[in-house]
Amino acid sequence: MTQKISVVMPVYNGENFLNDAIESILNQTFTEFEFIIVNDGSIDRSLEIIESYSKNDNRIVVISRYENMGLLYSLNEALDRAKGEFIARMDADDISLPTRLEKQLLYLEQNELDICGCHYYLINDRGDYIDAALVPVVGESFPVYLSYTTPFAHGAVMFRSSLLAEEIKYGCRGYKSAEDYALWSELYARNYAFGNVNEFLFLYRDISSSLSKVNSKSVKKDAIRISKKNLQKYEKDIYFRIRSLERRCFSKREEEIISICLLRLAFYIGKFSALLKLRSISKRAVVIGTMRFLIESIR
């Protein structure tokens, strides 16, 4: 039976936060979904926890194995099984707020988009709020963001399953880390329509044991490679988009990212003075952008 949404969540030794993650999906205001959970060779109580929920909710589809095959393998395995018109990602240590699926689905359909995310809060291992992260909501911002960073929190995205028909899979771009950044860059290059719900719908758990922290050096190395490729590919596009963005109002976070992109772009195409005049950037944003740019340049 075809579902409207397939939620896919890989799990590896996730017992500490797994209950919260699963319940946050089962308690969504939108209920027409299948929930594919992949137990990727966990040696803790993860499978026991997953099965305790699957016994009481037939929306849960369990895939389990003894061997740990890794995140990308598990994601592709879940995507091959997915029957939904839309795919929603979820991670085993994060939390989706109750209206996430409902609002993302509505936003995708109303705006004829292919993929969207949302703003998100960062929480620690105790569930305390420690920060907030804004993602781009203005269409012109996406190539600017992609020249420096990913425009989505990976676990918070929803996209059309039709993207999979063109064999767009995880792990096929030659990067061991920052695979989501590479994937979004490829999708944007193929002219898929990007967007983000202008609301906080997700809690991202920022903990030392997360894959992005454990593999931080590898992630950063790959991210810089992807960033450089995007800058070279979109330098003229970014130049004109920054000009169109200069009249808009931004949060401090957006100003920081745009200023960083501006400085990086200036470095690549040799128009430092001219580019700085494209928009009125706050002194704070310029200082932060310059410091980060210099730090990354000498590493």
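The values are calculated or read from the model by the stated rules, or taken from the named source; none is laboratory data. Predicted model, so just to flag it, every value in this text is computed and none were measured. Positions of Cβ are generated from backbone atoms using ideal geometry, with glycine treated the same way; all protein chains shown enter the neighbour counts.
Taking into account only those residues within the stretch 184-204 that are among the small types (Gly, Ala, Ser) and surrounded by fewer than 17 Cβ atoms within 10 Å (Cβ to Cβ), which is nearest to Asp222 (Cα to Cα)?
Ranking the qualifying residues of the stretch 184-204, first place goes to Ala189.
Kindly evaluate Val138 against the criterion of being among the aliphatic types (A, V, I, L, M) and surrounded by fewer than 18 Cβ atoms within 10 Å (Cβ to Cβ). Write out each step before concluding.
Numbers: among the aliphatic types (A, V, I, L, M): yes; surrounded by fewer than 18 Cβ atoms within 10 Å (Cβ to Cβ): yes.
Taking the combined requirement at face value, the residue satisfies it.
Taking the stretch 71-98 only, how many residues are within 18 Å of the chain's Cα centre (by Cα) and either closer than 14 Å to Ala153 by Cβ or in a loop (DSSP other than H, G, I, E, B) (or both)?
Here the count works out to 10.
Among the residues of the stretch 35-50, is any crowded, with 16+ Cβ neighbours inside 10 Å, assigned by TED's automatic domain parsing to the domain that holds Phe202 and assigned to a loop (DSSP other than H, G, I, E, B)?
Among the residues of the stretch 35-50, at least one is crowded, with 16+ Cβ neighbours inside 10 Å, assigned by TED's automatic domain parsing to the domain that holds Phe202 and assigned to a loop (DSSP other than H, G, I, E, B), which makes the answer yes.
With (1) under 27 Å from Ala189 (Cβ atoms); (2) crowded, with 21+ Cβ neighbours inside 10 Å as the list, and Ala92 as the residue in question, which single condition is left unmet?
(1)
Taking the stretch 102-117, which residues are touching a strand residue (DSSP E or B) at 6+ places or on another chain (Cβ under 9 Å) and either aromatic (Phe, Trp, Tyr) or at positive phi (or both)?
Hit for the stretch 102-117 is Tyr107, nothing else.
Considering the stretch 47-103 alone, what residues qualify as being charged (D, E, K, R) and under 17 Å from Cys116 (Cα atoms)?
The answer is Glu85, Arg89, Asp91, Arg100, Glu102, Lys103.
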